[in-house]
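Shown next, in structure tokens, is the structure this report addresses.
The values are calculated or read from the model by the stated rules, or taken from the named source; none is laboratory data. Note that this is a predicted model, so its numbers are computed, not measured. Here the Cβ positions follow ideal geometry from the backbone for every residue, glycine too, while neighbour counts run over all protein chains shown.
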Amino acid sequence: MDRCAEGNHWPPDLAEFTAIAGEYSANPLGLQVSDVMDEYWRYAKDCWKYDCAEKFPWRHPVLYQICPELRRDGARRNLPHKELEALAKRMLDKWIKHVSMGQSVPPIRKKIAAPARHEGLTPAQQMLAGQRYVK
């Protein structure tokens, strides 16, 4: 009824029907683009409170995979809201495809710390100092 009130004809043609069916069909993650965008804006607003994305309280593990990348790409490419939503839809579709093929969503893990800096001079610094580094 709402669609008819908005000026869409009834019954919908095949393309409209598949779009409507795809909109309301359940995906294995149980997330919609609006859920991803809500979490993205919550993350963008509150990320300063946390040292890293791993410590942020994500509502779903796949959002940890999507939202930081969405934020990084959105800032780098200066994307407006509509393009952010389109990018979020593509990322969510990618993860839905992965999960429907039997792959799992990686758990949220703490990143490995960078190795400690090696003590002493590098070979280039030794050469510059006139020392022979290969004996």
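Remarks
- The set of residues from region 45-80 being touching a Phe, Trp or Tyr at 6+ places or on another chain (Cβ under 6 Å), of a type in the set (A, V, I, L, M, F, W, C) and closer than 15 Å to LEU29 by Cβ comprises TRP58, VAL62, CYS67.
Here is a yes/no grid of residues against (1) more than 14 Å from the chain's Cα centre (by Cα); (2) modelled with pLDDT of 90 or more:
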position: TYR24; (1), (2): yes, no
position: ASN27; (1), (2): yes, no
position: MET37; (1), (2): no, yes
position: TYR40; (1), (2): no, yes
position: LYS45; (1), (2): yes, yes
position: ASP51; (1), (2): yes, no
position: GLU54; (1), (2): no, yes
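Residue by residue, here is whether (1) touching a Pro at 6+ places or on another chain (Cβ under 8 Å); (2) free of Cβ contacts under 8 Å to residues at least 60 places away in the same chain; (3) within 27 Å of ALA19 (Cβ to Cβ); (4) surrounded by 10 or more Cβ atoms within 10 Å (Cβ to Cβ) holds:
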residue	(1), (2), (3), (4)
TYR50	no, yes, no, yes
HIS60	no, yes, yes, yes
ILE66	no, yes, yes, yes
ARG71	no, yes, no, yes
ARG77	no, yes, yes, yes
ALA88	no, yes, yes, yes
LYS94	no, yes, yes, yes
HIS98	no, yes, yes, yes
GLU119	no, yes, no, no
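- Residue match in region 43-60 (condition: more than 28 Å from LYS110 (Cβ to Cβ) and not in a helix (DSSP H, G or I)): no
- The single residue among ALA116, ALA86, ALA124 that is part of a helix (DSSP H, G or I) and modelled with pLDDT under 90 turns out to be ALA124.
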